Amino acid sequence: MESIAYIVYICFTLPFLLGIPVVRKESRVILLFIIIGMSCCLFISELDGLINEWLGLSLYYFTTNITPMTEELIKMIPVVLFAAFISREREELLTIAFVTGLGFALMENSTILVKTILVDGHVNYIWALIRTLGAGLLHSLCTTMVGMGISLIKIHRKLVICGTFALYSMAVVYHSIYNTLIQSDYRYAGAIMPTLTYIPIVIALIRIRKSSSAS
């Protein structure tokens with residue numbers, strides 16, 4: 001059987017690529033970074049497989065210690081490059097960061113969905129909600145937090161190196177906590193953790209945008 005991940009990748013990225021010449025310039029960037037996020041997911045899934053095969057670690061140890069580091073690093077790279085060479089404006093960075101994580105989550109969830117159906121024969125609405133509001137939202141949140149931080153670092157240029165590393169570390173720790181909880185007796189706490197983080201971030205962004213438009 002052909003690799004499920006590559007089949008899912010082709011099914012999603014080709015329509016996005018075909019849409020890039022059609023949509024407006026602003027939307028092209030969004031579609032492009034969704035594709036980049038999906039590409040990051042595909043790349044890191046292969047890399048993680050090679051690393052785990054080499055290290056021979058248990059699935060639990062690998063997903064709670066190694067996976068957060070590799071995934072957050074590869075997701076952060078497009079955001080950092082965008083900030084370094086294109087724009088450090090907060091709104092643009094937040095958009096790019098969020099859709100990069102969104103593309104990553106879309107690829108991951110779609111692949112896991114197909115594999116779960118093939119193995120178990122079915123999934124239910126609870127499974128879908130947990131995957132979407134849990135791991136799905138997690139990836140967008142982590143890249144968004146990095147994007148928000150980078151937009152602040154531009155004010156204090158001396159903090160670029162240590163600040164970027166701090167943002168990466170924050171995303172890794174958050175991701176690791178989620179992966180640990182979701183595989184423990186407190187899995188429901190892990191499942192709602194991204195949503196509980198997402199709500200105050202959105203409220204804060206709405207207030208910031210309102211105050212900016214008022215001034």
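All of the numbers you see were taken from the coordinates with simple rules; none came from a lab. Since the structure is predicted, the reported quantities are computational estimates derived from the model, not experimental observations. We place every Cβ from the backbone using ideal geometry, glycine too, and count neighbours over all the protein chains shown.
Applying 1/(1 + (r/R0)^6) with R0 = 22 Å to the Cβ-Cβ distance of LYS210 and GLU91, what FRET efficiency is obtained, to the nearest 0.05? Each step should come with its number before you reach the end.
Details: r = 14 Å, r/R0 = 0.62.
The value I calculate is 0.95.
Using 26 Å as the Cα-Cα cut-off, could you pick out the over-long pairs in LYS75/LYS115; LYS25/LYS115; LYS75/LYS158?
Beyond 26 Å between Cα atoms: LYS25/LYS115.
Please compute the net charge surrounding TYR168, taking Lys and Arg as +1 and Asp and Glu as -1 over other residues with Cβ under 14 Å from its Cβ. Provide the component values of the computation, followed by the final result.
Details: positive: LYS75; negative: GLU71, GLU72.
Net local charge, TYR168 excluded: -1.
In the chain, Cα pairs under 8 Å separated by at least six residues give a relative contact order of 22 percent. Comparing GLU89, GLU26, GLU46 in a Gaussian network model of the chain where C-alpha atoms under 10 Å apart are linked, the largest mean-square fluctuation is found at GLU26. Coupling constants for the range 127-133 follow from the phi torsions by the Karplus curve (6.51 cos²θ - 1.76 cosθ + 1.60, θ = phi - 60°), and in residue order they are 4, 5, 5, 5, 5, 6, 7 Hz; glycine and proline get x.
Projecting label points 7 angstrom from Cα along Cα→Cβ for MET170 and LEU152 puts them 0.5 nm apart.
In nm, what is the difference between 0.36 nm times the number of residues separating ILE203 and THR180 and their Cα-Cα distance? Write out the running numbers ahead of the final one.
On the way: separation 23, 0.36 × 23 = 8.28 nm, distance 2.72 nm.
Using 0.36 nm per residue and subtracting the Cα-Cα distance, I get 5.6 nm.
According to the square roots a ≥ b ≥ c of the eigenvalues of the Cα gyration tensor, what is the shape class of the range 63-185, taking rounded for a/c under 1.5, prolate for a/b larger than b/c otherwise, and oblate for the remainder? Since a/c reaches 1.5 and a/b is larger than b/c, the shape of the range 63-185 is classed as prolate.
Order the peptides 109-115, 76-82 from the highest to the lowest mean number of other Cβ atoms within 10 Å of their residues.
On the way: 109-115: 17.1, 76-82: 19.1.
For the peptides 109-115, 76-82, the packing ranking is 76-82, 109-115.
Ranked by the mean number of other Cβ atoms within 10 Å of their residues, highest first, the peptides 135-145, 193-203 come out as 135-145, 193-203. What the Cβ-Cβ distance of VAL119 and GLU26 gives, at R0 = 35 Å and to the nearest 0.05, is a FRET efficiency of 0.30. Over every Cα atom in the chain, the radius of gyration and the widest Cα-Cα span, Dmax, amount to 17.7, 59 Å.
Classify the range 134-215 as rounded, prolate or oblate from the Cα gyration tensor: take a ≥ b ≥ c as the square roots of its eigenvalues, call it rounded if a/c is under 1.5, otherwise prolate when a/b beats b/c and oblate if not. Walk me through the numbers on the way to the answer.
Details: a/c = 3.83, a/b = 1.41, b/c = 2.71.
The shape class here is oblate.
Restricting everything to alpha-carbon atoms, can you work out Rg to Rh for the range 1-83 with a Kirkwood hydrodynamic radius? Could you put the intermediate results ahead of the total?
Working: Rg = 15.4 Å, Rh = 14.5 Å.
In the range 1-83, Rg relative to Rh is 1.07.
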